[in-house]
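Peer 1: If you scroll down you'll find the structure; I have some questions about it.
Read-outs throughout are calculated quantities, based only on the coordinates presented, and are distinct from any laboratory measurement. None of these values were measured; they are calculated from a predicted model. Counting neighbours? That spans all protein chains shown, and the Cβs are built from the backbone with ideal geometry, glycine included.
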């Protein structure tokens, strides 16, 4: 592969504290290098980025794009497909779906926006094989997936018994068996109760049979996460999500790991960065907006983002992603079965629910966020509050919890709201007055810079999930993933938000591993993708004892034990990350 | 008023998706430009002239453009889809989705129409002089937001799911229908002069359905509210005496859907 030079662009690389300097970026053999030899320069492909913005390739650390719940959404929503479809080209497949897209379209549309990496947010262990089968069909993106463990029978049993050695061995074995990357915890203790038509309503309510509380599960998983040195913090979808008043539960949940020290133990060669690439957070709260409802009912519903943001501003162990609501069509899909049931009761429309053997559950429900709806309007404001009221952008990540708040294709709109106060004011005028009356957003005049946006969409998601050895920076040794936007920062007019949206939507260039994948918003090549997973070292005797337990309870599973793990052949370019090797 | 004449020039095997046959697309285009408009057949695109001989040219605007299709196009789908103005006259039968999502103007089909005529239409007039298939003026599969406005007239019979998820506009059917007419209807008017088989107004919570003929199996969630004679809905008149029902109580606590069933044709109700 010929070397590549991205010449003369305004570079925004927060992990190297580069803020709009005019620089050249060199890529050789798929990696960022400090420079090229004269002979290499002669053969190199040159992209003229004069007057353009250059950033590392986009990283989405929380999105739902593969697996059985996404597929349930596709089954359920023909109406989501027929009005949103793209014909094939010489190199791309056709595809459809505004919120529940076909696999091909997912890859293409991320790349067209300048993203090169996306992590699937919730994989039920039993559905890992299906998830990997979809991920290997998603073109262009480097991917990984988080394993849902918050209501897992073995996890609950070991944590209740206080058998941390077996619990650690279980996590290690499960990550390897299912080729997954980090721990996801969804409505801990509550989803298990949903199997009995119940939920839990507080952090100290023990669930049925296992008699374990959400607090015990969160604490246990956070401790194990750090003991094992897992790349990312424990990833939490808090209890009571989507209910007025749930912000209080979230506040309490965030405090649980406040004394737990982050420990990330990866056998990787970090890319060169000025900022320490290792992780310093011990909890990663997802879709904060959905976890930040205040009030006691839909009548006195209001934003509870402020108290949560105040807490996060004072506590460095927390990082969040926003779960913004850009209005329009969405499909709610989550491992939190009971919360989907509540949404379905509200909408009166179709929905689906699923219980996954001994592991977890899930639900899917189509949803439309309307500007004239008071609650939806507050949710729009709350999503932006999450990112604007948290002072340190290194504690925040921009997402829409795609497709729960809206599809990822609306990220450019969210970026533009963050950068433009006048665009926010225009939206206040278009939506229900509750947006202004019941949130703090109206009083915020902060306008984010391109540097801030690069933190929220590249540097921090990569840092949070422990991928800075490859992603999120333009440091030497990083993957050659670069986005060029046709935005001249010296002539940037944030009041012209329509142009900003257009330019973020269609990258001038998306370069993936040194290959030009997108030019002027069109796919021009299909670089290979990789799948990352954590290979965690633990004590072998603990693993043996744990496996005996697993095999004993496997009689309750609907599949045989030998069909349970996902072999590597289901992955494209499987890339194991060795974890916990120092101990 | 400019007129474009399309004459089918061959037997079509795989059905053709010709959503470009609208006054909006033809307006401002000459003969050769119209011939070059692309239509889908299976996975490939072909110029319109592969299937039609084109005569005449488009007017200065959609409103000024009339399209006359001279012959049978029952293997051509999406004629007049999303049109906003002007007129289309089909001197034969059409395929699926004629006038689908149309917002204005007029379509006259002198023969029959396949399923999905006027799907999710929001305005204009769609008149089918023969029979129609299923899903007349209804929502697309998976959606409950059907026809919103305009008028859909079928002189002959139609089949099932007429006006599914309908929220506004009028559907008038001269002949008989089959099942689930007005399912999930929340607004608008459906008038059927002939008979229906079953589930008229199932899950409706608003809007009005008038069935002049016999309903074989009546919807269980409907409650009788007496009788009314010689109904008038602005310019639409239904003479005779009707039994009046409200429903569907199976789906809502206080539904506002109204079904009128002919008194003499439904002696058992």
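Peer 1: Between the range B:132-156 and the range B:161-203, what's the alpha-carbon centroid distance in Å?
Peer 2: One Cα centre to the other: 9 Å.
Peer 1: Using helices alone, what [θ] at 222 nm do you get for chain B, with -39,500 (n - 2.57) per DSSP H run of 4 or more residues, divided over all residues and rounded to the nearest 500?
Peer 2: -500 deg cm²/dmol
Peer 1: Here's something else I'd like to know. Suppose we keep just the DSSP beta bridges with both residues in the protein assembly as shown; what percent of those would be antiparallel, to 5?
Peer 2: Numbers: 66 of 148 bridges.
Counting DSSP beta bridges with both partners in the protein assembly as shown, the antiparallel share is about 45 percent.
Peer 1: Still on this structure, I have one more. The range A:217-232 to the range B:64-107: how many Å between their Cα centroids?
Peer 2: Answer, in whole Å: 63.
Peer 1: Treating the Cα atoms of chain B as identical point scatterers in vacuum, please give the log10 of the normalised Debye intensity I(q)/I(0) at q = 0.11 Å⁻¹, two decimals.
Peer 2: One equal scatterer on each Cα of chain B leads to -0.59.
Peer 1: Another question about this same structure. So how far, in whole Å, is the C-alpha centre of the range A:562-583 from the one of the range A:504-546?
Peer 2: After rounding, the separation between the Cα centres reads 14 Å.
Peer 1: So if we plug the beta-carbon distance of residue B:32 and residue B:235 into 1/(1 + (r/R0)^6) with R0 = 25 Å, what FRET efficiency do we get, rounded to 0.05? Before the final figure, lay out the partial values.
Peer 2: Working: r = 43 Å, r/R0 = 1.72.
For R0 = 25 Å, the calculated efficiency reads 0.05.
Peer 1: Still on this structure, please answer the following. Give the span of the range A:192-337's Cα atoms along each principal axis, as three whole-Å numbers ordered largest to smallest.
Peer 2: Largest to smallest, the principal-axis extents are 51, 40, 30 Å.
Peer 1: Here's another thing I want to ask about it. For the protein assembly as shown, take the alpha-carbon Rg, divide it by the Kirkwood Rh, and send me Rg/Rh. Please list the in-between numbers first.
Peer 2: Values: Rg = 29.8 Å, Rh = 29.3 Å.
With Rg and the Kirkwood Rh in hand, the quotient comes to 1.02.
Peer 1: Rounded to the nearest 0.05, what FRET efficiency do residue A:488 and residue A:426 have when you use their Cβ-Cβ distance and R0 = 25 Å? Present the calculation step by step, with values, prior to reporting the outcome.
Peer 2: Numbers: r = 23 Å, r/R0 = 0.93.
Efficiency at R0 = 25 Å is approximately 0.60.
Peer 1: Counting pairs of Cα atoms in the range B:115-262, how many percent are more than 26 Å apart? Display every interim value, and only then the final one.
Peer 2: Working: 1286 of 10878 pairs.
Value for the range B:115-262: 12 percent of Cα pairs lie more than 26 Å apart.
Peer 1: Now for a different question. Would you mind ranking A:90, A:437, A:24 so that the residue whose beta carbon has the fewest other beta carbons within 10 Å leads the list? Display every interim value, and only then the final one.
Peer 2: Numbers: A:90 5, A:437 13, A:24 16.
In increasing order of surrounding Cβ atoms, one gets A:90, A:437, A:24.
Peer 1: Now a separate question. May I ask for the equivalent-ellipsoid semi-axes of the range A:70-188, computed as the square root of five times each C-alpha gyration tensor eigenvalue and listed largest first in whole Å?
Peer 2: On the way: eigenvalues 238, 46, 21 Å².
Ellipsoid half-lengths, sorted descending, are 34, 15, 10 Å.
Peer 1: Still on this structure: So if each residue of separation counts as 0.36 nm, and I subtract the Cα-Cα distance between residue A:37 and residue A:255, what length gain in nm does that give? Mind dumping the intermediate values first?
Peer 2: Details: separation 218, 0.36 × 218 = 78.48 nm, distance 5.24 nm.
Here the answer is 73.2 nm.
Peer 1: Moving to a separate point now. Report the label-to-label distance for residue A:372 and residue A:392 in nanometres (one decimal), using points 7 Å from each Cα along the Cα→Cβ vector.
Peer 2: Using points 7 Å along Cα→Cβ, the separation is 4.5 nm.
Peer 1: What Kirkwood radius, in Å to one decimal, follows from the Cα pairs of the range B:154-199? Before the final figure, lay out the partial values.
Peer 2: Details: mean 1/r = 0.0977 Å⁻¹.
For the range B:154-199, the Kirkwood estimate is 10.2 Å.
Peer 1: Calculate, in nm to one decimal, what residue A:248 and residue A:547 gain on full extension: separation in residues at 0.36 nm each, minus their alpha carbon distance.
Peer 2: Details: separation 299, 0.36 × 299 = 107.64 nm, distance 3.82 nm.
Stretched fully, the residue A:248-residue A:547 segment lengthens by 103.8 nm.
Peer 1: Here's something else I'd like to know. With n ≥ 4 as the cut-off for DSSP H runs, can you work out [θ] at 222 nm for chain A, using -39500 (n - 2.57) per run divided by the number of residues, rounded to the nearest 500?
Peer 2: -9000 deg cm²/dmol
Peer 1: Let me ask something additional. Quickly rank A:537-543, B:103-109 as a protection proxy: mean count of other C-beta atoms within 10 Å, highest first. Don't skip to the end; give the middle numbers.
Peer 2: Numbers: A:537-543: 15.3, B:103-109: 22.1.
Ranking, from highest mean packing down: B:103-109, A:537-543.
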